[in-house]
Structure formats: structure tokens, C-alpha cells
Amino acid sequence: MNLSTLVATSLHTVTAVLWIGGIFLAYRVLRPAAMQLEPSERLSLWMGVFNRFFPWVWGFILVLVVSGYWDWMVRFGGFEAAPFYLHVMHLIGWVMIFLFAWLYFVPFARFKNLVLSYDFVEAGQVMNKQMRPIIALNLFLGVSEAVIGASGPFWS
Ligand code: HEM
């Protein structure tokens, strides 16, 4: 395997682990722990967490896409020659990216405005009804991508 593919595969795996791991911590660990805080403190905490995590996610997405296509082109030589699992990874990958982009530019943008204007009741609604289901879905899709990426080469 040439050096560029080694680097691409490693960067791809590391950014996948950091993205999925960050969602897991937020959803399964921080969320229940933050429930003991008052709504104003809890929602301000979440704004602080997402304001710091989401820029990293944009970076992870850039590295995942570039390293994924690089690895794909160098090792599989093009879309036609690619095994089935890679097409599944590709599709799920873009679904995750579009879900995150929507989360970032729509409910999260609204959530920030509501927290900054101290409307914690409405901010809590946006968090629970609009943001949390997308975060849960991307956690499920991310774990699926990891399974597909690791086990895919052994499917056939
Ligand atoms: C545009 C989107 C994507 C493309 C083109 C892509 C492409 C690839 C390619 C070519 C491989 C190597 C497959 C092999 O070794 O046979 C791979 C592996 C992998 N991908 Fe993706 N991927 C994408 C998105 C994602 C996303 C969003 C995640 C997780 C959040 C992800 C996680 C993984 C993992 C964990 C592996 C296994 C790494 C390894 O080979 O050890 N990928 N991907």
C-alpha cells in the first residue's frame, strides 16, 4: 500500500472515530448529566458545547470526504469498480453530512438565537424536538458506517 493511501485511510478512520465518539458523549453521557441543571444553565452549556464541537465536525467532514475519495480512487480506481459496501458507505456518508448541515444552519441557528434572547422554554423545545432526533440518527448512521467500513472488505 502506498504512503498516500496509508495516510488517507488513517485520517479517514481517525476523523470517523472523533465524530462518532463526540456524538456518543454528547447524547449518551453529557445529556443525562446535564438534566440536573436549571434550564437556563443547561441550555447555555449546550450552546457552549455545540459552538466548540460543530466547527470540529466541519473539519472532520472535509477530511472524511477528501480521504474517502482519495482512498477510493487510488485503491478501487473509480466508481464502477467499487464493491457494494463502498456505495453503501458513500450514500450513508452524504446523508450524515446533509443531516448535519441542516442541523447546523436551521435548528441550531434558531437554538442559539433563542438562548441568547433568554427564551429557554422555546430553546428547550427546539433542542428536544428538532436537534436531538437528528443527533440520535447521525449517531446510528455513524456507527453503521464504522461497521460497514471495517467489515465491508469481508462481505463477499
Ligand atoms: C463521502 C463519503 C465517504 C467516502 C467516499 C468514504 C470512503 C471510504 C473508503 C474508500 C474506505 C476504505 C474501504 C476499504 O478499506 O475497503 C472507507 C472506510 C471507512 N470509512 Fe468511509 N467514506 C465516506 C464517509 C464516511 C463516514 C461519514 C464515516 C463515519 C462517520 C466513515 C467511516 C469509515 C470507516 C470507519 C472506515 C474503515 C476504515 C478502515 O478501512 O479501517 N466513512 N471509507
Open item on the list: At 7 Å along Cα-to-Cβ for each site, give me the label-to-label distance between residue 45 and residue 3 in nm.
Closed with: 4.6
TODO: Kindly provide the chymotrypsin sites (Phe, Trp or Tyr not before Pro) of segment 1-82 that DSSP labels as loop, not H, G, I, E or B, and whose Cβ sees at most 10 other Cβ atoms within 10 Å.
DONE: none
Task: Charged-residue dipole, Cβ positions (Lys, Arg, Asp, Glu), segment 3-154 about Cα centre, Debye nearest 20 - done: 200
- [ ] Project the alpha carbons of segment 59-123 onto their principal axes and report the range along each, largest first, in whole Å.
- [x] 54, 20, 11
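Report the extension gain between residue 112 and residue 10 in nm, rounded to one decimal, defined as 0.36 nm multiplied by the number of residues separating them, less their alpha carbon distance. Numbers along the way, then the final one.
Working: separation 102, 0.36 × 102 = 36.72 nm, distance 3.45 nm.
Working it through step by step, the gained length comes to 33.3 nm.
What is the chain's relative contact order, in percent, from Cα pairs under 8 angstrom and six or more apart in sequence? Don't jump to the answer; show the numbers that get you there.
Working: 100 pairs, mean separation 53.6, N = 156.
Computed value for the chain: 34 percent relative contact order.
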Task: Cα long-axis angle, helix 107-116 against the chain (0 to 90 degrees, to the nearest 10) - done: 30
Task: Quotient of Cα Rg and 2.2 N^0.38 Å for the chain, N being how many residues it contains - done: 1.19
TODO: Can you list which of the chymotrypsin sites (Phe, Trp or Tyr not before Pro) found in segment 104-149 are DSSP loop residues with at most 11 other C-beta atoms within 10 Å?
DONE: 118
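FYI, it's all coordinate maths here, none of it is from the lab. All values reported here derive from a predicted model rather than from experimental measurement. Here the Cβ is made from the backbone with ideal geometry for all residues, glycine too, and neighbour counts use every protein chain on show.
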